[in-house]
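Worksheet: one structure, shown below.
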Amino acid sequence: MNSPPRSKPPSYEIRSVGSALTLLQMLRDQGSVRISEAAAQLEVAPSTAHRLMQMLVFRGFAVQDDSRVYRPGPGLLAPVTDDVPNRRLRGVARPIIELLAQQVKETVNLQVRVGTTVRFLSTVESNAAVVQVGDRRGAVLDAASASGGLALLSLLEEADLARLYRSGTARSLGVHMEEERFAAFVRSLKWVRDMGLAVNRERTERGVVALGAAVRGPSGEGVAAVTIAVPQLRAEVVDDVGVRRVLLQACADIESGLAEEA
């Protein structure tokens, strides 16, 4: 049985945690938050409110629009999922993505798609370079922008894509695409499907470029994606033929492992 909500904060409340949760509630209830509003609500300096909000952006719980207003991010809107298949997937994939990180000397991520979002299940960081893309475990991104999300979306039929991006539900979630944009999106996914790879050049995070490929389950459906994330200063890595080859091989190895356990 679930415990009822507390009527007052616990005695051990950590101020920064409480402040972050307050910001999440503001995003949920107001739909948009300015730094000045956040600072006033938290009774902190604007610089402090900005740092807290940037951490929410980093984890996908907030996004900043062109007018510098913060709005709910995909992490705040994503539904809860059953973790049992994900635990199995992580177990099979972990040694493979560890090896891949050693081979490419960059950060490697394992992602799954949930509706129109992708979630980071695992991250393996390489120590080969001073500047690396950090751990993203638990982060949630827009699937239509992330390399792993694009790789997985490319495996869907157009009718399934339409249900995700052209339905009333899509409109209520803020991911609805008008006809012309949707048609262009479908065309771009055909290129991804033909190549077997997707590239994200700073669409989800400034200064980060990523290469992604899908992992298929025993029935041929997309169950996960593996991505290689690099700082913009090494963007040429995602175009390297050798890097692309070992990424696709890693996905094939995970597919074989999943088939053996099926």
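Within the stretch 206-222, does at least one residue satisfy the condition of being assigned to a helix (DSSP H, G or I), more than 15 Å from the chain's Cα centre (by Cα) and aliphatic (A, V, I, L, M)?
The answer is no; no qualifying residue exists.
Considering (1) open to solvent by less than 30 Å² (accessible area, probe 1.4 Å); (2) in contact with a Lys or Arg (Cβ under 9 Å, 6 or more places away or on another chain); (3) assigned to a helix (DSSP H, G or I), say which one residue 177 fails and leave the rest.
Going through (1) open to solvent by less than 30 Å² (accessible area, probe 1.4 Å); (2) in contact with a Lys or Arg (Cβ under 9 Å, 6 or more places away or on another chain); (3) assigned to a helix (DSSP H, G or I) one by one, residue 177 breaks only (3).
Looking at (1) closer than 18 Å to residue 92 by Cβ; (2) open to solvent by 60 Å² or more (accessible area, probe 1.4 Å); (3) in contact with an Asp or Glu (Cβ under 8 Å, 6 or more places away or on another chain), can you tell me which one residue 232 breaks?
For residue 232, the failing item is (1).
Just checking, how many residues over the stretch 114-135 are outside any loop (DSSP other than H, G, I, E, B), buried (at least 17 other Cβ atoms within 10 Å of the Cβ) and among the β-branched types (Val, Ile, Thr)?
4
Enumerate the pairs (first residue in the stretch 211-227 and among the β-branched types (Val, Ile, Thr); second residue anywhere and open to solvent by 20 Å² or more (accessible area, probe 1.4 Å)) with beta-carbon separation below 7 Å, excluding pairs fewer than 6 apart on the same chain, so at least 6 apart or on different chains.
215/223; 215/255; 223/216
Go through the residues of the stretch 100-113 one by one and say whether even a single one is under 28 Å from residue 233 (Cβ atoms), assigned to a helix (DSSP H, G or I) and open to solvent by 30 Å² or more (accessible area, probe 1.4 Å).
yes
Within the stretch 23-35, does at least one residue satisfy the condition of being among the polar types (S, T, N, Q), modelled with pLDDT of 75 or more, open to solvent by 70 Å² or more (accessible area, probe 1.4 Å) and out of contact with any Lys or Arg (no Cβ under 9 Å at 6 or more places or on another chain)?
yes
Just for the stretch 236-254: of the residues that are small (Gly, Ala, Ser) and exposed (fewer than 15 other Cβ atoms within 10 Å of the Cβ), which one is farthest from the chain's Cα centre (by Cα)?
Of everything passing the filter in the stretch 236-254, 242 is farthest from the chain's Cα centre (by Cα).
Among the residues of the stretch 144-170, which ones are part of a helix (DSSP H, G or I), without any contact (Cβ under 8 Å) to a residue 40 or more places away in the chain and of a type in the set (S, T, N, Q)?
Within the stretch 144-170, just 169 meets the criteria.
Before we move on, is residue 138 open to solvent by less than 60 Å² (accessible area, probe 1.4 Å), touching a residue at least 12 places away in the same chain (Cβ under 8 Å) and more than 15 Å from residue 120 (Cβ to Cβ)?
Working: open to solvent by less than 60 Å² (accessible area, probe 1.4 Å): yes; touching a residue at least 12 places away in the same chain (Cβ under 8 Å): yes; more than 15 Å from residue 120 (Cβ to Cβ): no.
So residue 138 does not fit the description; no.
Give me the residue from the stretch 141-162 that is among the hydroxyl-bearing types (Ser, Thr, Tyr) and crowded, with 17+ Cβ neighbours inside 10 Å and, out of that set, farthest from residue 73 (Cα to Cα).
Narrowing the stretch 141-162 to residues among the hydroxyl-bearing types (Ser, Thr, Tyr): 145, 147, 154.
With crowded, with 17+ Cβ neighbours inside 10 Å added as a condition, the list becomes 147, 154.
Working: 147: 17, 154: 23 Å.
Selected residue: 154.
With the structure loaded, tell me whether residue 259 is out of contact with any Leu (no Cβ under 9 Å at 6 or more places or on another chain), assigned to a helix (DSSP H, G or I), aliphatic (A, V, I, L, M) and without any contact (Cβ under 8 Å) to a residue 40 or more places away in the chain or whether it fails that test.
no
If residue 200 passes every condition in (1) buried (at least 21 other Cβ atoms within 10 Å of the Cβ); (2) touching a residue at least 60 places away in the same chain (Cβ under 8 Å) but one, which one does it miss?
Evaluating residue 200 over (1) buried (at least 21 other Cβ atoms within 10 Å of the Cβ); (2) touching a residue at least 60 places away in the same chain (Cβ under 8 Å) leaves (2) as the failure.
Which ones in the stretch 21-37 are free of Cβ contacts under 8 Å to residues at least 24 places away in the same chain and either over 22 Å from residue 75 (Cα atoms) or of a type in the set (A, V, I, L, M) (or both)?
Selection gives 21, 26, 36.
When residues of the stretch 96-110 are filtered for being of a type outside the set (D, E, K, R) and closer than 15 Å to residue 225 by Cα, how many remain?
Matching residues across the stretch 96-110 total 8.
The values are calculated or read from the model by the stated rules, or taken from the named source; none is laboratory data. Note that the coordinates shown come from a computational prediction; the quantities given were computed from them, not determined experimentally. Neighbour counts run over all protein chains shown; Cβ positions are idealised from the backbone, glycine included. The protein model used for the area step is the full one, side chains on, heavy atoms only, and it has no ligands, DNA or RNA in it. Shrake-Rupley method; radii C 1.70, N 1.55, O 1.52, S 1.80 Å.
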